[in-house]
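Structure first, commentary second.
The values are calculated or read from the model by the stated rules, or taken from the named source; none is laboratory data. Values in this document were obtained by computation on a predicted structure and should not be read as measured data. So basically every Cβ, Gly included, is an ideal-geometry build from the backbone, and we count neighbours across all protein chains shown.
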């Protein structure tokens, strides 16, 4: 790492501390600041520099990385007059999580204030930061990304530039977290139903892992089908999916277990069937939730 490399980290929650720690460990001169005092003690002990204010922190480095809970929290810090003035002409990498619209809004604000801006998302937990297992995605000007990549590499893992549109990293983020959290909701529900039927979590887990192993191929097939406009259900029609969902709902509710998530999925399947697409696969739900399926049926 160059002797001139430097970074400021704003936000010292668990992820922010992990980011700052990785920069320090890589030999990057790292200035830190947090809205709530007292979270920087360990980092300062490791060699980080404590700033008395956000504006002072930003002025200490050409590159600032902000990682807070969402863009409301980021805006409350960055859009203060003294901080915005300190950021002018410098680069801001926003690794906070929010929507693509908020990312584009942040980019527009940055442009209006002379701030060079990259948006990004962290797709792995704090334990991966500074290791080969971290996954970072970025969007915004490619030349700006290339300029600061040597410092960002200190965070470890893989870094991928997804395009010039500042909202593109956030679009990937929300789509991928959609998969993660609906899967986690299904796991939590499955454990509750199994336990109600006398199956312990330890007994279920090995079989649940087997279900998880099916998902990569299923995701790949669904993605290929949507890309090609092929919603065939020759191997597993959506009528079969709807039937198995009914069994899950019945077994859950017999024990007083909330089946709201499964009822929502079953409702989508039934709507697809009701519109005349019962021979298609569950992938046809993609068109339903996007508001395109009814139009296709009406044209028929």
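Within the stretch 244-255, residues that are free of Cβ contacts under 8 Å to residues at least 60 places away in the same chain sit with their Cβ atoms under 8 Å from residues that are surrounded by 13 or more Cβ atoms within 10 Å (Cβ to Cβ) and in a loop (DSSP other than H, G, I, E, B), at 6+ positions apart or across chains, in these pairs: 248/259; 249/259; 253/259. Before we move on, is residue 177 modelled with pLDDT of 95 or more, buried (at least 20 other Cβ atoms within 10 Å of the Cβ) and not in a loop (DSSP other than H, G, I, E, B)? Against the criterion (modelled with pLDDT of 95 or more, buried (at least 20 other Cβ atoms within 10 Å of the Cβ) and not in a loop (DSSP other than H, G, I, E, B)), residue 177 does not qualify.
Matching residues to (1) over 25 Å from residue 75 (Cα atoms); (2) in contact with a strand residue (DSSP E or B) (Cβ under 8 Å, 6 or more places away or on another chain); (3) surrounded by fewer than 20 Cβ atoms within 10 Å (Cβ to Cβ):
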site: 101; (1), (2), (3): no, no, yes
site: 104; (1), (2), (3): no, no, yes
site: 107; (1), (2), (3): no, yes, no
site: 110; (1), (2), (3): no, yes, no
site: 119; (1), (2), (3): no, yes, no
site: 122; (1), (2), (3): no, yes, no
site: 126; (1), (2), (3): no, no, yes
site: 131; (1), (2), (3): yes, no, yes
site: 142; (1), (2), (3): no, yes, yes
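Residues of the stretch 19-49 that are more than 16 Å from residue 65 (Cβ to Cβ) and touching a helix residue (DSSP H, G or I) at 6+ places or on another chain (Cβ under 6 Å): 46, 47.
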